[in-house]
Amino acid sequence: MSEERHIPGPPSELADTLNHWRELFQHEHAHDFKALKVLTSLEQAIFSFYVDYADIDKDDLLSLRFNEYPEETVERANEVLRSMSSEYTDVRCVLRPLNFPDEKIKKISDLRMRNRGELVSLIVRIHEVGPRVGYLRKALYTCIACGHREEVSQRVARERKRPRGPCTICLEDAERALGEQVSYSLYKRLESLMQLTAEGSFYQDIQYLNVHDVESKDGQPIQVLVDDEYVDGYKTGEVVRVNGVVYIDPIPDRNFVKDTRRILQVRALSIEQVS
Ligand SMILES: [Zn+2]
């Protein structure tokens with residue numbers, strides 16, 4: 001699998017995933033939408049949308065997608081939540097899948113590179129809370145010639161990605177004017193017209209928690225990446241259940257960009273207090 005993972009399959013499968021999330025939210029979460037109707041982002045910036053794993057599991061398509069491509073499938077859910085809530089509120093909804101079955105529980109010491117992309121539940125004690133940082137989650141590029149805009153999703157701790165190819169509007173204009181395909185040098189010039197626009201780009205709050213298995217504090221720790229409302233929400237010594245995706249990341253203090261070494265991390269999709 002390459003680092004740029006996309007949900008494979010025809011666009012109809014993407015549409016099905018969106019439709020199935022929409023149905024799930026309509027059937028199981030009317031109460032959440034009712035609560036959202038009276039909220040504005042001034043009172044609460046983020047609304048955690050707690051979805052029971054069992055509800056996802058009941059839907060064959062969502063269950064398959066969620067287990068095979070968890071992050072992408074959650075991203076689709078967030079898109080649906082955004083469009084469903086936008087008519088009432090400007091609060092940003094974030095899907096938080098909870099109550100993972102016990103078969104997802106893993107020990108940190110058992111995680112390996114081959115577990116990459118898997119959904120896991122870890123019961124851990126927080127050893128260290130890292131600084132709050134932000135990253136450019138969605139970069140907005142604007143064509144300086146025609147004003148055409150394009151959003152490009154970014155990944156944490158990776159080189160920033162530009163739009164694929166030049167401004168589509170200017171490229172079409174140029175091809176129409178010339179009556180043929182543009183030359184390589186013109187193509188490159190049109191490509192350089194797309195420039196990053198700070199205003200309108202979306203920065204997300206993130207934080208790394210260093211955690212170890214609750215039963216073995218001498219075992220190897222692992223970094224858990226948390227975002228949005230979970231940032232600054234936890235203290236050293238707390239015991240939590242992290243439901244998330246096994247992630248691999250370049251080592252943090254790499255001193256050359258193409259370093260091939262990777263470490264395991266878990267990106268939290270939800271966090272539950274353990275009493
Ligand atoms: Zn343009």
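Quick check on my filter: what residues within region 171-222 are closer than 30 Å to residue 155 by Cα and of a type in the set (A, V, I, L, M)?
171, 186, 190, 193, 194, 196, 198, 206, 209, 211, 214, 222
Kindly indicate which of 271, 251 is without any contact (Cβ under 8 Å) to a residue 60 or more places away in the chain and more than 23 Å from residue 73 (Cβ to Cβ).
251
Could you tell me how many of the residues in region 46-85 are in contact with a Pro (Cβ under 7 Å, 6 or more places away or on another chain) and outside any helix (DSSP H, G or I)?
1
Which fully enclosed strands (runs of 3 or more DSSP E) of region 145-261 have 3 or more residues being away from the ligand (no atom under 16 Å from the Cβ), crowded, with 16+ Cβ neighbours inside 10 Å and not basic (Lys, Arg)?
194-213, 222-227, 239-250
Scan region 140-157 residue by residue and report those that are β-branched (Val, Ile, Thr) and closer than 16 Å to residue 174 by Cα.
Once the filter is applied, which keeps residues that are β-branched (Val, Ile, Thr) and closer than 16 Å to residue 174 by Cα, region 140-157 yields only 144.
In contact with a strand residue (DSSP E or B) (Cβ under 9 Å, 6 or more places away or on another chain), more than 16 Å from the ligand (Cβ to nearest atom) and closer than 22 Å to residue 45 by Cα: which single residue out of 98, 119 fits that description?
Among 98, 119, only 98 is in contact with a strand residue (DSSP E or B) (Cβ under 9 Å, 6 or more places away or on another chain), more than 16 Å from the ligand (Cβ to nearest atom) and closer than 22 Å to residue 45 by Cα.
Quick grid of which residues meet (1) assigned by TED's automatic domain parsing to the domain that holds residue 227; (2) surrounded by fewer than 15 Cβ atoms within 10 Å (Cβ to Cβ):
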position	(1), (2)
55	no, no
60	no, yes
63	no, no
72	no, no
81	no, no
94	no, no
111	yes, no
121	yes, no
127	yes, yes
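The values are calculated or read from the model by the stated rules, or taken from the named source; none is laboratory data. On a predicted model such as this, the values are computed, not experimentally measured, just so you know. For neighbour counting, all protein chains shown are included, and Cβ atoms are generated from backbone atoms with ideal geometry for every residue, glycine included.
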